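First comes the structure, then the notes that go with it.
The values are calculated or read from the model by the stated rules, or taken from the named source; none is laboratory data. Note that the coordinates shown come from a computational prediction; the quantities given were computed from them, not determined experimentally. Using ideal geometry, Cβ is built from the backbone for each residue, glycine included, and neighbour counts are taken over all protein chains shown.
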Amino acid sequence: MKTAFALFALAACLNTSSIHAAGDAERGKLQYAARCVACHSIDVNLAGPAHRGVFGAKAGSVPGFDYSPALRKSKVIWNERTLDKWLTNPERLIPGQKMGYVVADAKDRDDLIAYLRTQIRR
């Protein structure tokens with residue numbers, strides 16, 4: 001009985017959501033170029049904030065970027081889970097924010113997140 005429950009629990013954990021799947025950082029780099037560069041850069045603030053070092057950073061904390069009050073007040077720390085929620089529906093995660101773009105496809109989100117994870121602060 002214990003073994004059956006353990007297997008059921010393991011299967012449930014493995015089948016929860018895309019945030020547990022490993023993304024492809026190379027594909028994510030292409031996704032970033034196709035989807036994000038109109039507003040974002042890895043190293044320069046544009047219409048949106050720079051993304052280098054986003055993992056582990058507090059939302060609304062890139063120096064020199066004029067964030068919405070909602071993002072500045074947010075207590076969100078960027079990681080796989082919060083980035084997945086953000087890319088799925090930014091307004092649901094942080095009501096009052098200014099980003100009006102979503103990434104509906106879970107694989108695309110996984111790949112973008114894998115790429116952003118590689119962009120560490122220098």
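The table below lists the values:
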{"item": "Tabulated pairs, the stretch 78-97, first acidic (Asp, Glu), second at pLDDT 95 or above and assigned to a helix (DSSP H, G or I), C-beta under 7 angstrom, 6+ apart or interchain", "result": "80/113; 84/109; 84/113"}
{"item": "Among residues of the stretch 78-122, those that are over 24 Å from residue 26 (Cα atoms) and either in a loop (DSSP other than H, G, I, E, B) or aliphatic (A, V, I, L, M) (or both), counted", "result": "8"}
{"item": "Tally, over the stretch 65-77, of residues that are within 18 Å of residue 116 (Cα to Cα) and outside any loop (DSSP other than H, G, I, E, B)", "result": "1"}
{"item": "For residue 56: the one exception among (1) touching a strand residue (DSSP E or B) at 6+ places or on another chain (Cβ under 8 Å); (2) farther than 21 Å from residue 122 by Cβ", "result": "(2)"}
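Listed here are the residues, each with its yes/no results for (1) of a type in the set (D, E, K, R); (2) over 17 Å from residue 118 (Cα atoms); (3) within 13 Å of the chain's Cα centre (by Cα).
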site	(1), (2), (3)
23	no, no, yes
40	no, no, no
53	no, no, yes
63	no, yes, no
86	no, yes, yes
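Condition check ((1) under 15 Å from residue 49 (Cβ atoms); (2) surrounded by fewer than 17 Cβ atoms within 10 Å (Cβ to Cβ); (3) in contact with a Ser or Thr (Cβ under 7 Å, 6 or more places away or on another chain)) across all residues:
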position: 75; (1), (2), (3): no, yes, no
position: 80; (1), (2), (3): no, no, no
position: 83; (1), (2), (3): yes, no, no
position: 87; (1), (2), (3): yes, no, no
position: 91; (1), (2), (3): no, yes, no
position: 96; (1), (2), (3): no, yes, yes
position: 111; (1), (2), (3): no, no, no
position: 116; (1), (2), (3): yes, no, no
